[in-house]
Amino acid sequence: IWSDAIDAWHAAEIQDTGDTQFRTGMRINQLFLLVDGMTALTAPNNETWEPSHLGLIECPDYPYYNTLDLWIYASEGILRLWPELARSVAEAFSRAVDAKDDRQRRHMRSTNLFPINRAGAVPHDLGAPEEDPFHTVNSFSWQDTTRWKDLNCHFVIEIARDGLVFGAPWAAGHYSQVKTALAHLEQYDTDGDGLIEHSGWPDQTFDNLPMVGPSAYCAGLWLAALLAGAHVAEAAGDDAQAATWRAMSAKGAKSYEATLWTGTHFRFDTAGPLSEAYFIEQLFGPFMARRYGFGEVVDADKARIALRTVFEKNFLGAGQGLGVVNVAMPDGKAIPWIADDVPESFQRTEVIVGINYSFAAQLESWGLADEAERVRTALYETLYEKRALFFRIPAAYDIATPTFRAAMNMRPLADWFSASWPIKEKS
């Protein structure tokens, strides 16, 4: 009976997107992480009102549960197949928004200390196996993530997206936390242009790439989060706040184009060492807002031009057709030095697998289906046929050498962006 159920599920996925190894096959195989990836699932404790917890590890090399900047990429497949597990993670992050933990962590890259968790700053993760996961959160210490610019955006988008599945009353139940998360981010719009700014250190998921001023990645996420927040506000009956957030997003969108659009792509940032770079994930926020129906952040024609530019520069050019490298520079320019303790390729000239799946879905979203399939085919040929990494998909691999980083990584579950949205009702 269970075998018949699996066959029926496979048939449904094939009907959704086609019988190709590099599309439906890869995304189904990517679910290996749930059974082979140090996953934890706890039982509820009715005496203490402790809920059940799902802990999906980032990877054995980076052992954090439900790392939010990866979960936003990985969770759509979980939401589609096991919605109650996804709900438990969203609710755990919501409970953590107002949590305060003044105990100090030591910064791994300096002598500084920082508080484990700041109220208003959504935590990077829900804990580490060697601590007290789901109770002591934010175990990551490579950077002070309590000052990151993308995590709060990810949380708001997650609540709004999951609310499309669980219903408006569920989304409304997290409205207070959504308001707190967005209010916390507003402080980073230091010049009133409607965009949040960076202050010169790697304060986002690309935690070895410093950003200065507004960046395409985080500013786009901020504008998308405002639209997502408006969706939650409407679910809660607060139409006035929804209108305010929509107006803020519209104002910021004008600044986004005026400040970051170059004619061929959106700038990495405005004043950092990589400001001239072609960056793979410049449109992640606008893509999320578009995919889930929250609204449009960028002009569609400009989005297509930007995506084609990255396809040409980062995939056909620097990526040699083997994958989309994270960062590519204009012709004749070298990638600038970042830090002595960061390998030359790290988060720059490597192919970050989950981000590539995201980029392929973005290409498809804006009508560039042929380019999307070329990227997915290259990933299949590299990961499956050439390197035999199919059940240990890494965070990233190098183009020039047969090396990879952080095997059995959560973010490649982003391949579930290749499935259709909205999620179809289960019969």
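The values are calculated or read from the model by the stated rules, or taken from the named source; none is laboratory data. Every value quoted in this text rests on a predicted model; they were computed, and no experiment measured them. Cβ placement follows ideal geometry from the backbone for every residue including glycine, while neighbour counts extend to all protein chains displayed. Accessible surface areas use protein heavy atoms only, side chains included; no ligands, DNA or RNA. Shrake-Rupley method; radii C 1.70, N 1.55, O 1.52, S 1.80 Å.
For the chain, the solvent-accessible area works out to 38 Å² per residue, with a probe of 1.4 Å and every protein chain left in place.
Where the accessible area of the stretch 184-326 is counted over protein heavy atoms with a 1.4 Å probe, how much of it, in %, is carbon and sulfur?
Numbers: 2170 of 4470 Å².
C and S atoms contribute 48 percent here.
Of the labelled figures (i) 28, 27, 23; (ii) 51, 25, 18; (iii) 40, 31, 19, only one reflects semi-axes √(5λ) of the Cα gyration tensor in Å as derived from the coordinates, namely (i). Calculated mean residue ellipticity at 222 nm for the chain: -12500 deg cm²/dmol, from DSSP H runs with n ≥ 4 weighted as -39500 (n - 2.57), summed, divided by the residue count and rounded to 500.
Can you give the local net charge around Asp331? Use residues other than it whose beta-carbon is closer than 14 angstrom to its beta-carbon, Lys and Arg +1, Asp and Glu -1. Every neighbour counted, the sum reads 0.
For the stretch 66-121, with all protein chains in place and a probe radius of 1.4 Å, 51% of the accessible heavy-atom surface sits on carbon or sulfur.
The spread of Cα positions in the stretch 128-269, taken along each principal axis and listed from longest to shortest, comes to 44, 42, 25 Å. In this structure Arg87 has an accessible area near 60 Å², from a 1.4 Å probe over the protein heavy atoms. Each label was represented as a point 7 Å from its Cα along the Cα-to-Cβ direction; for Lys333 and Lys254 these points are 2.9 nm apart. Under 13 Å from the Cβ of Leu151, count the other residues' Cβ atoms, weight Lys and Arg +1, Asp and Glu -1, and hand me the total. Neighbour charge sum, excluding Leu151 itself: -4. A simple spin-label model places pseudo-atoms 7 Å from Cα toward Cβ; at Glu50 and Ile399 they are separated by 4.9 nm. If you take all other residues with their beta carbon under 15 Å from the beta carbon of Trp49, and give Lys and Arg +1 and Asp and Glu -1, the sum is -2.
Looking at the stretch 69-168, I'd like the Rg to Rh ratio, where Rg is from alpha-carbon atoms and Rh is Kirkwood's inverse mean 1/r.
On the way: Rg = 14.0 Å, Rh = 14.1 Å.
Rounded to two decimals, Rg over Rh is 0.99.
When the pairs Lys179/Lys313; Lys100/Lys254; Lys302/Lys386; Lys149/Lys302; Lys254/Lys313 are compared against a 29 Å limit on Cα-Cα distance, Lys179/Lys313; Lys100/Lys254; Lys302/Lys386 fall above it.
Sorting Thr349, Thr136 on solvent-accessible area from highest to lowest, probe radius 1.4 Å, gives Thr349, Thr136. Plainly put, the stretch 1-159 has a radius of gyration that is 1.03 times its Kirkwood radius, both from alpha-carbon atoms, as the Rg/Rh ratio.
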